[in-house]
Amino acid sequence: MKKILFLLIIALFMSCSDKEKISQLEKDKQQLQLTVDSLHHDTELKNQFIEEYSITINEVYDNLENIRKREGLIAKYSKDLEKNKNITMRERLLSNLKSIDAYLKSSKAKVQELNAKLNKQRISYDPLKETVERLNNTIIEKEKYIAELKDQISDLHIEVDAAKKEIVAKEELIQEKTKELNLAYYIIGTKDELKEKGIIEEKGGILGIRKTKKLAPSFDGSQFTQVDISSTDKIDIVGKINKIEIISPHNPDSYHLVENGQKRSSVEIIDPQEFWKMKYLVILVKN
């Protein structure tokens, strides 16, 4: 009887011990599952981070490649601008500089974002950090280079503006000279009127007969009417054709006197270049 009771006690003890073991095993299993889940979660986060990292890095490299291409265009346009002082080239330069600024700003923001993400990771990504650091240094170098370019281009702009002002001044001078070259003057009057104004004088002849009328050595040009020879092909006169005499020494082959009726005539200019070699036209209308 004692032996049976002993065996029952041992069996009961072993049963309690197994239950405790089973309970502990269940706890260990749950803890292990939590660890596995945590590892899975960490792995997913790492994979997601690496994917985002790769995308961002590629975007930064794309930006840097675009900057490199723009730098080539800026170098070309700078030479053209320096050579030709062309306003269009200046606009292209400014456009490319704005694009580079935008690419640099975007790249800088992306690199800062990568740095922030790397610092939040629980494990070290030394190779990734080195890559980000290299990109950051590249961007800093690009910013310095672009700042220098902006200074150079600013100097070019000053030169272009100065050249533009010089061109405008020359064009104005050319227009002024052209206008001046196209100016001519005429005056119409009777012999007495022209003599009184000091435009003509009479010389030679005997007892007042066959005196020659010619331009006075010096006369007041302000009394003449101004005309633009580029748009003037005739001068209208009140008087019959047989009463008209051209006193100034114009080539007779360069004009015609034409009667228009009702005591009106005109000097029609058939060779302007030859006619206006003498800039002052004096027309005498006989009484």
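Selection within segment 168-205: residues that are of a type in the set (A, V, I, L, M) and without any contact (Cβ under 8 Å) to a residue 60 or more places away in the chain. The member of this set that is farthest from Leu281 (Cα to Cα) is Val168. Picking from residues in segment 160-200 that are surrounded by 13 or more Cβ atoms within 10 Å (Cβ to Cβ) and at pLDDT below 90, the one that is farthest from the chain's Cα centre (by Cα) is Ala163. The condition of being at pLDDT 80 or above, surrounded by fewer than 16 Cβ atoms within 10 Å (Cβ to Cβ) and either closer than 24 Å to Asn63 by Cβ or in contact with a strand residue (DSSP E or B) (Cβ under 6 Å, 6 or more places away or on another chain) (or both) holds for only one of Glu148, Glu141, that being Glu141.
I'm trying to understand the selection: among the residues of segment 252-270, which are part of a loop (DSSP other than H, G, I, E, B) and either in contact (Cβ under 8 Å) with a residue 40 or more places away in the chain or surrounded by 12 or more Cβ atoms within 10 Å (Cβ to Cβ) (or both)? Lys263, Ile270 - these are the residues of segment 252-270 that are part of a loop (DSSP other than H, G, I, E, B) and either in contact (Cβ under 8 Å) with a residue 40 or more places away in the chain or surrounded by 12 or more Cβ atoms within 10 Å (Cβ to Cβ) (or both). Conditions: (1) at pLDDT 75 or above; (2) hydrophobic (A, V, I, L, M, F, W, C); (3) over 23 Å from the mean Cα position of the chain (by Cα); (4) not assigned by TED's automatic domain parsing to the domain that holds Tyr280. Leu118 meets all but one. Number of the miss? So the condition that Leu118 fails would be (1).
Residues that are without any contact (Cβ under 8 Å) to a residue 40 or more places away in the chain and part of a helix (DSSP H, G or I) were ranked within segment 210-247; the one that is farthest from Lys179 (Cα to Cα) is Asn242. Would you pick out the residues in segment 219-239 that are over 48 Å from the mean Cα position of the chain (by Cα) and either small (Gly, Ala, Ser) or exposed (fewer than 13 other Cβ atoms within 10 Å of the Cβ) (or both)? Asp220, Asp236, Val238, Gly239, listed by residue number.
The values are calculated or read from the model by the stated rules, or taken from the named source; none is laboratory data. Treat the numbers as computed from the prediction; the structure is a model and nothing was measured. Please note: Cβ atoms are built from the backbone with ideal geometry, for glycine as well, and neighbour counts cover all protein chains shown.
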